[in-house]
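Contents: one structure, followed by commentary.
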Amino acid sequence: MTTWLHAVLELPGSAGAAAVFWAETLGWPLGDPWPDHPDRRIFSPPAGVAYVHLQVVPGEPGVHLELEVADLAAETDRLVALGASRVASAGEGQTLRSPGGLRFGLVRERRHHRRPDPVTGPGGRRRRLVQVCLDIPARHVGSEPDFWRATLPWREVAISDPEFLGRLVPPSGAPLQVLLQRLGDDDEGTVTRAHLDLGCDDIALEAKRLRGRGAARLHDGDGFLALRDPAGLAFCVTANSPDAP
């Protein structure tokens, strides 16, 4: 069963300020481009296994997930049977699209994992990227949530707010949980997309810190505050514990 997820920030090649912003937001320096994939870089925690990456893209900013799997071919076939479509394959990975149109990847499983600890900032406040939220248009609510429940057969936590369709929580020690969110009628869109959720000890103070580094405020919610990074990518500062899941 997949437990280790990677979050990949897709940023335009000109978005150097956004790359610096995310290194400061995560508290993890950004590594050099990969020799075999110069469009890819890793945000490297001081200890533990990296799970947040940067990919330079020619178009609009975005986020996609990469799932570590033990058997690439078998898992690809399983997800295609669940409704995914194949996009491209390489020796070490497979790119797919969910029924709602969200691009994601499968990569070969590593043997050893250790989740990085939260980063401690001013005043002892802690933060860590703990969640990826899947923003699902109403037209895909009938298929997309069930696809991800089957893809990630984790414990599901119900949420009373009808805007949220559930939270998928992996076993302890995994880096990311997945929130399923239904987009409102005024934000319909055509395909499922994803955004990142930073868990922290104090939403207001953490959001103030990030605005001082170039983020723009979008709106407040119950237990979160939505911001936009210097490249225009939306993300949330949330009350999720930095120790979650």
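The values are calculated or read from the model by the stated rules, or taken from the named source; none is laboratory data. Note that the structure is a prediction, hence the values are computed from the model and not measured. In this analysis, Cβ positions are derived from the backbone assuming ideal geometry, glycine residues included, and neighbour counts consider all displayed protein chains.
Looking at the range 208-245, which of the residues that are assigned by TED's automatic domain parsing to the domain that holds L176 and acidic (D, E) is nearest to L11 (Cα to Cα)?
D229
Which residue is nearest to P170 (Cα to Cα), if the candidates are limited to the range 136-156 and must be charged (D, E, K, R) and out of contact with any Asp or Glu (no Cβ under 8 Å at 6 or more places or on another chain)?
R155
Kindly establish whether R127 is basic (K, R), more than 17 Å from A226 (Cα to Cα), buried (at least 19 other Cβ atoms within 10 Å of the Cβ) and not assigned by TED's automatic domain parsing to the domain that holds G27.
no
Of everything in the range 1-56 that's farther than 22 Å from H113 by Cβ and among the hydroxyl-bearing types (S, T, Y), which residue is surrounded by the most Cβ atoms within 10 Å (Cβ to Cβ)?
T25
What number of residues within the range 102-151 satisfy the criterion of being within 25 Å of G199 (Cα to Cα) and of a type in the set (S, T, Y)?
The qualifying residues number 2.
Can you tell me which of R128, R78, R115 is outside any strand (DSSP E or B) and within 20 Å of the chain's Cα centre (by Cα)?
The unique qualifying residue is R115.
Looking at the range 186-245 only, could you name the residues that are surrounded by 20 or more Cβ atoms within 10 Å (Cβ to Cβ) and hydroxyl-bearing (S, T, Y)?
T192, T238
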